[in-house]
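Let me begin by presenting the structure, written as structure tokens, before commenting on it.
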Amino acid sequence: MIKLPVYGMHQRASYLHTLKGHNGSVNSAQFSPTGNHIITTGANHKTIIWDAHTGKQLYTRLQLKGGDWLAYDEHYRFDGSQGVSINCIWYAD
């Protein structure tokens, strides 16, 4: 599990949030122009959008084999490319 620390503009010694969601390395992290969101990409083929104020994971996009992709949010609402229905099996609680 990779932890990505987020520091406040005037805080140098403490963490505001630790973002947990990538297994393996984090390839990049960028704030949105408004500073309200952070987008990260990782070696686990995930792109994650975070709320910069709360550290909450808002949206995840997973790159699948063959160019297909799957995107989902915290409420399990999802979207995907045409081949996703063939490649994914969903398990409900």
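Residue by residue, here is whether (1) open to solvent by 40 Å² or more (accessible area, probe 1.4 Å); (2) in contact (Cβ under 8 Å) with a residue 12 or more places away in the chain; (3) touching a strand residue (DSSP E or B) at 6+ places or on another chain (Cβ under 6 Å) holds:
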{"site": "Phe31", "(1), (2), (3)": "yes, yes, yes"}
{"site": "Gly35", "(1), (2), (3)": "no, yes, no"}
{"site": "Ile39", "(1), (2), (3)": "yes, no, yes"}
{"site": "Leu62", "(1), (2), (3)": "yes, yes, yes"}
{"site": "Ala71", "(1), (2), (3)": "no, yes, yes"}
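Checking each residue in segment 46-59 for being exposed (fewer than 15 other Cβ atoms within 10 Å of the Cβ) and not in a strand (DSSP E or B) picks out His53, Thr54, Lys56. For segment 1-29, the tally of residues that are touching a strand residue (DSSP E or B) at 6+ places or on another chain (Cβ under 8 Å), modelled with pLDDT under 85 and over 19 Å from Asp73 (Cβ atoms) stands at 11.
The values are calculated or read from the model by the stated rules, or taken from the named source; none is laboratory data. In this text the structure is predicted, and so the values were computed from the model without any measurement. Neighbour counts are summed over all protein chains in view; Cβ atoms, including those assigned to glycine, are modelled from backbone coordinates with ideal geometry. Protein only, heavy atoms only, side chains kept; ligands, DNA and RNA dropped before computing areas. Shrake-Rupley method; radii C 1.70, N 1.55, O 1.52, S 1.80 Å.
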